[in-house]
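The values are calculated or read from the model by the stated rules, or taken from the named source; none is laboratory data. Small disclaimer: the values here were computed from a predicted structure and weren't measured. Neighbour counts run over all protein chains shown; Cβ positions are idealised from the backbone, glycine included. Each accessible area value is taken on the protein alone, full model and side chains, heavy atoms only, with ligands, DNA and RNA left out. Shrake-Rupley method; radii C 1.70, N 1.55, O 1.52, S 1.80 Å.
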Amino acid sequence: MVRFSGLTSRLRRLVRQTSSELGKKAELEIRGDQNEVDIKVLDRMVAPLEHILRNAISHGIENPIERVNKGKPETGKILIDVSRDGSDIVLRISDDG
């Protein structure tokens, strides 16, 4: 078992790189990253998580000008909430786009 927080820097870097490539501003917030996950399960979750984050930036978060025009902060926020439900790990991923 390892903590989910082991992925934090990798996921934040991905958000920074993707938002920069797309000309958008986004930040990642992770809650509950101290929860422990089986290492094999965590390894299998990495690629789908990266895909979801790229899609959130590409399709969910607007560019800074559109966000300001809609009365939103210039920087979008993506949230990953990690929790446990018995022996299951629960991930809730959302963006404010």
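Assorted remarks:
Listed here are the residues, each with its yes/no results for (1) closer than 26 Å to VAL2 by Cα; (2) without any contact (Cβ under 8 Å) to a residue 12 or more places away in the chain; (3) open to solvent by less than 70 Å² (accessible area, probe 1.4 Å).
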| site | (1), (2), (3) |
| --- | --- |
| GLN17 | yes, yes, no |
| LEU22 | no, no, no |
| ASP33 | yes, no, yes |
| THR75 | no, no, yes |
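- Scanning the stretch 47-68 for residues that are of a type in the set (Gly, Ala, Ser) and touching a Leu at 6+ places or on another chain (Cβ under 7 Å) turns up just one, SER58.
- Only one entry in ILE57, ILE52 is open to solvent by less than 30 Å² (accessible area, probe 1.4 Å), outside any loop (DSSP other than H, G, I, E, B) and among the β-branched types (Val, Ile, Thr), namely ILE57.
- Applying the criterion of being open to solvent by less than 80 Å² (accessible area, probe 1.4 Å) and among the charged types (D, E, K, R) to the residues of the stretch 78-97, the residue that is farthest from GLU29 (Cα to Cα) is ASP96.
- Residues being among the charged types (D, E, K, R) and in contact with a strand residue (DSSP E or B) (Cβ under 8 Å, 6 or more places away or on another chain) - total across the stretch 63-77: 2
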